[in-house]
Ligand SMILES: [Zn+2]
């Protein structure tokens, strides 16, 4: 399959300003139902098959949020981290789901939850987002990319390649969600020029002012990244699916499906080391209902 071409991001995006601090609003775009043993593996024979079977039977353990984050930067504009579930989900729960995903998950959203409604509620037009950072391209993160326009979309080069490689659907990617005429820029964490940041071996300073740092956290998918932002009084690590829950972070318990277990474990180690080095930081896991419910409306 031919790779759809997109340029590599070689210099910081425009708009950075020295010492800039950002605001952050977390939103859930809806929820997905997960079978027992999906977020954290259960030690049982045939655990993988059993979890699939539970998913196929719609025997869900609980519902988890599908978050997105709106960041406002004083000079670089509005940045969105992930886009969540497809907006059509509110009308048709099956919309946008591929075969395996539809077997493994059920999704649900109210009219007010998906991205377009969130932007409308804040009075932000479709073209009012300047940059979208994708932690990865799974269907529950890229679902509403088509709802915004005139923005730069930043994704890691490895993730882009993997999402366009074979058997994408079985690995959680729905290509029509991201095969769009957007201005994609690929972050190459393998470039020898990339820096480290805190405990993270590979990082890219998005605006060159330290306000938004992309850190490579592969494993959940082969090109996954997390995002560290500088809030008014502390840092926040938007971990994405590098850790599904706070439990995953605290215990190191593995989720059911991992693209690369070795990298996954290394990424969790880097996040744990970051937590130790930066105890004041807010660390937001990817799909933790209890933790998400405890978040403030704006930081
Ligand atoms: Zn994912």
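Throughout, read-outs are computed from the coordinates displayed, never taken from laboratory work. This one's a predicted model, so the numbers in the text were calculated from it and none came from an experiment. Positions of Cβ are backbone-derived with ideal geometry, glycine not excepted, and every protein chain shown enters the neighbour counts.
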For the chain, what proportion of DSSP beta bridges, expressed in % and rounded to the nearest 5, is antiparallel? 65 percent
Using only Cα atoms, locate the centre of the range 227-299 and the centre of the range 28-51, then give the distance between them in Å, rounded to an integer. 19 Å
Stretch gain in nm, segment residue 91-residue 72, where the contour uses 0.36 nm per residue and the Cα spacing is subtracted: 3.9 nm
Using the Cα gyration tensor of the range 23-293, the equivalent ellipsoid's semi-axes, largest first and to the nearest Å, work out to 26, 23, 18
Label-point separation, residue 53 to residue 150 (7 Å along Cα→Cβ), nm: 5.4 nm
The chain, relative contact order in percent, only Cα pairs under 8 angstrom and at least six apart counted: 21 percent
If each residue's Cβ is checked for other Cβ atoms within 10 Å, how do 139, 69 rank with the fewest at the top? 69, 139
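Jot down the per residue volume, in cubic angstrom and as a whole number, of the convex hull over the alpha-carbon atoms of the range 81-217.
125 Å³
Based on the Cβ-Cβ distance of residue 161 and residue 273, what FRET efficiency does E = 1/(1 + (r/R0)^6) give at R0 = 41 Å, to the nearest 0.05?
0.90
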Counting only helical runs of four or more DSSP H residues, what would the 222 nm mean residue ellipticity of the chain come to if each run contributes -39,500 (n - 2.57) and the total is spread over all its residues? -5500 deg cm²/dmol
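Arrange the following residues from fewest to most other Cβ atoms within 10 Å of their Cβ: 138, 182.
Numbers: 138 25, 182 17.
Going from least to most buried by this count: 182, 138.
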Give me the number: length gained by fully extending residue 10 to residue 250, i.e. 0.36 nm times residue separation minus the C-alpha to C-alpha distance, one decimal in nm. 82.9 nm
What is the diffusion coefficient of the range 207-296 in µm²/s, taking the Kirkwood radius over Cα pairs and the Stokes-Einstein relation at 20 °C with a viscosity of 1.002 mPa s? 161 µm²/s
So for the range 171-233, averaging the separation of alpha carbon pairs under 8 Å that are six or more residues apart and normalising by length, what relative contact order in percent results? 18 percent
Sorting check: for 144-153, 228-237, which peptide has the highest mean count of neighbouring beta carbons within 10 Å, and how do the rest follow? 144-153, 228-237
Please work out how much length the chain gains when fully extended from residue 196 to residue 42, using 0.36 nm per residue of separation minus the C-alpha to C-alpha distance, in nm with one decimal. 52.0 nm
